[in-house]
Amino acid sequence: MMWSLCTNKNIVFVLHPFRLRFLFVLCVALIGFSASTFAQQATIVGTVTDPSGAVVPNVTITLTNTETGATHVIPTNDAGQYVAVDLQIGHYKVKAEAKGFKVAEQKDIVLTVGDRVRADFQMQMGAAQETVTVEANAVQVQTDSGERSNLISDQQMSQIAVNGRSIYQLAALTPGASSQINNFVNTPVGGDNSVEFNGLRQNHNIYLLDGGEDDDRGGAGGMSIAPSSDAIQEFRALTSNYSADYGLSSAGTMTMVLKSGTTQFHASAWEFNRNDYFDAQNFFVRNNELRLNVYGFNVAGPVTLGHLYNPDKKRTFFFYNMEWRPLIQGASVNQQVPGAATYPTATGANFSSVGTITVPTVAQVAPSVLFANCPGQNAAGAGVVQGQPFPGNVIPACMINQNAAALVKAGIFPTANATSGGTSPQPEFRGGANSNTTLREEVVRIDHNFSSKFSVFGHYIAEQVSQGYATSQWSGDNVPTVGDNFGNPSYSAVIHTTYTSAQRSSTKRRSTTTATGSISYPTRLRACPAWLSRAVTSPQILGSSLDLTISAAFPTST
């Protein structure tokens, strides 16, 4: 595999034929190492004791996702403890089984993004055919983590009225956040991400989606994509005391999880509309034009072919989301422009309506340059004296650059349609300066369970964005005669694998090892930078888990 990083001012990933052993090495790397996606899922921990309070080792713990039917089976260690990591968010039931004890079960355990929930069991003596069922508490006190965070569920996201349905507006709802947002445009580049946490800069924030970093490293702390709110299952903003697994930012960490399919088919459609006709009207001045439509649909469910594939609907699931966001954002211009009388003619340019205009001095402009097109190439040939006012405030035609005259006549300035007030009225242009923005986004996520020990999921997001500007960017232009369109296609992809194995060593100690991995890549670059930042941290052994973080940072535009 080879990456061509600087081709036609874009980052391009070029795949060349390679042997199968390289593919095998890649698969081993994904399965065998834990990446930064580890903390984006959820964790259930607990301790199993008998009626006397003594710990019970070698208890079989079965965790079942009631929405997908996926199960995970792990044992307790010698201290009666178990840790189930990297669980997909959703509703779970947990069952504990051991010889000589009744089966214990806890239902309706809700896992949110980045959650850590405790489910302890006190086993009762009895036959295994008997079951003790406990309903989970609706409100649980977090005793296993001191993190400060704010969770927004998918139901809240669909009901909270945020301007423009932007992710940054959701981040601004977090306690301790200071919002400076004054623009509702929801685009990956150009979106207003001015949200600060605990006095730190917005550049120090980071945004994670399904564990993959979607941060605009070349921008000002925003996302490299602008995901649809209707595609997000949950949104959590972590502000302090969070796990070292999130050690990529010093300010806020916004972590999101996409929706995924379940055992049942679901579909939905929506449209959110803003229009200046719905706004209160100003009696004296008409409102600027505003047309914002956010509409789309999604569909999710199991991938099944009846009895041929996935008949129990517990192996493969899909989620697809498509959204459009056309926007017309009105603006007005009130700018002084040259009057028609000042435009160059065969006899020169008449500025008598403007005021006294003085011929540049010799120190300012050399005569050979100033009078290059005049008879004799001197001031006398032009009929003027350097350092003195132009006669009649008329600039001779020979002193006017023909390229500049052609540019003015081509319409670089709009025609004056009003005059300013006061004792010396000046010509002005008053009119609209609307800008158009269009965005089309597609989101797809696939989840697959190979077994109770091995699962994988991945997502791919593609956005096509065109942002219009009434005045040219970075030009100092202040009149809407020459604008530009800024195209910014954006992409995001994540592959996440989880493998859990229980092993018994010669000392009869049981341990559980979970490995995860992810691949993500940011948006396409407008220009190829002179640098490329990569960071690779050495692996660390954490208990029975091997953790290796590999990241590559690319700016989205320069």
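The values are calculated or read from the model by the stated rules, or taken from the named source; none is laboratory data. Only a predicted model underlies this, so the values are computations on that prediction, with no experimental measurement involved. Note: ideal-geometry Cβ built from the backbone for every residue, glycine included; neighbour counts use all protein chains shown.
When region 459-485 is examined, which residues are found to be within 21 Å of Y207 (Cβ to Cβ) and in contact (Cβ under 8 Å) with a residue 60 or more places away in the chain?
Filtering region 459-485 for residues within 21 Å of Y207 (Cβ to Cβ) gives 459-465, 467.
Across region 459-485, the qualifying residues are H459, I461, E463, V465, Q467.
Could you look through region 241-265, keep only residues that are part of a loop (DSSP other than H, G, I, E, B) and out of contact with any strand residue (DSSP E or B) (no Cβ under 7 Å at 6 or more places or on another chain), and pick out the one that is farthest from N193 (Cα to Cα)?
Taking the candidates together, the pick is S243.
Take region 372-407 and flag every residue that is of a type in the set (A, V, I, L, M), modelled with pLDDT under 85 and surrounded by 15 or more Cβ atoms within 10 Å (Cβ to Cβ).
Listed by number, the residues that qualify are A379, A382.
Collect the residues in region 218-228 that are buried (at least 24 other Cβ atoms within 10 Å of the Cβ) and not in a strand (DSSP E or B), keeping them in residue-number order. Walk me through it before giving the result.
Step one: of region 218-228, the residues buried (at least 24 other Cβ atoms within 10 Å of the Cβ) are 222-228.
Matches in region 218-228: G222, S224, I225, A226, P227, S228.
Would you confirm, using the coordinates I've provided, whether Y168 is part of a helix (DSSP H, G or I) and crowded, with 23+ Cβ neighbours inside 10 Å?
On the way: part of a helix (DSSP H, G or I): yes; crowded, with 23+ Cβ neighbours inside 10 Å: yes.
Taking the combined requirement at face value, the residue satisfies it.
Within region 272-287, is even one residue in contact with a Pro (Cβ under 7 Å, 6 or more places away or on another chain) and either surrounded by 14 or more Cβ atoms within 10 Å (Cβ to Cβ) or under 19 Å from A226 (Cα atoms) (or both)?
The answer is no, given that none of the residues of region 272-287 is in contact with a Pro (Cβ under 7 Å, 6 or more places away or on another chain) and either surrounded by 14 or more Cβ atoms within 10 Å (Cβ to Cβ) or under 19 Å from A226 (Cα atoms) (or both).
Name the single residue, out of those in region 380-414 being touching a strand residue (DSSP E or B) at 6+ places or on another chain (Cβ under 6 Å) and either not hydrophobic (A, V, I, L, M, F, W, C) or not assigned by TED's automatic domain parsing to the domain that holds V369 (or both), that is farthest from A470 (Cα to Cα).
P389
Within region 68-112, considering only strands (runs of 3 or more DSSP E) that don't extend past its boundaries, which have at least 1 residues that are of a type in the set (D, E, K, R) and within 12 Å of M123 (Cβ to Cβ)?
Passing ranges, in order: 90-97, 103-111.
Across region 344-371, what is the total count of residues that are farther than 27 Å from P425 by Cβ, in a loop (DSSP other than H, G, I, E, B) and of a type in the set (S, T, N, Q)?
Within region 344-371, the first condition is being farther than 27 Å from P425 by Cβ, and the residues that meet it are 346, 360-371.
The next check asks that each one be in a loop (DSSP other than H, G, I, E, B); those that pass are 346, 360-366, 371.
If we keep only those that are of a type in the set (S, T, N, Q) too, we end up with 361, 364.
Of the residues in region 344-371, 2 are farther than 27 Å from P425 by Cβ, in a loop (DSSP other than H, G, I, E, B) and of a type in the set (S, T, N, Q).
Inside region 311-343, can you point out the residues that are closer than 30 Å to S452 by Cα and assigned to a strand (DSSP E or B)?
T316, F317, F318, F319, Y320, N321
Among residues belonging to region 405-416 that are in contact (Cβ under 8 Å) with a residue 40 or more places away in the chain and aliphatic (A, V, I, L, M), point out the one that is nearest to A349 (Cα to Cα).
Among those residues, the one meeting the criterion is A405.
Criterion first (loosely packed, with under 14 Cβ neighbours inside 10 Å, polar (S, T, N, Q) and modelled with pLDDT under 85) does S352 satisfy it?
Criteria met by S352.
Which of (1) in contact with a helix residue (DSSP H, G or I) (Cβ under 9 Å, 6 or more places away or on another chain); (2) under 28 Å from K409 (Cβ atoms) is the odd one out, the single condition A331 does not satisfy?
So A331 meets the others, but not (1).
Looking only at residues in region 171-217 that are acidic (D, E) and either in contact with a helix residue (DSSP H, G or I) (Cβ under 6 Å, 6 or more places away or on another chain) or in a loop (DSSP other than H, G, I, E, B) (or both), which one is modelled with the lowest pLDDT?
D216
Which of (1) crowded, with 17+ Cβ neighbours inside 10 Å; (2) over 20 Å from the mean Cα position of the chain (by Cα) does S452 not meet, given it meets every other one?
So the condition that S452 fails would be (1).
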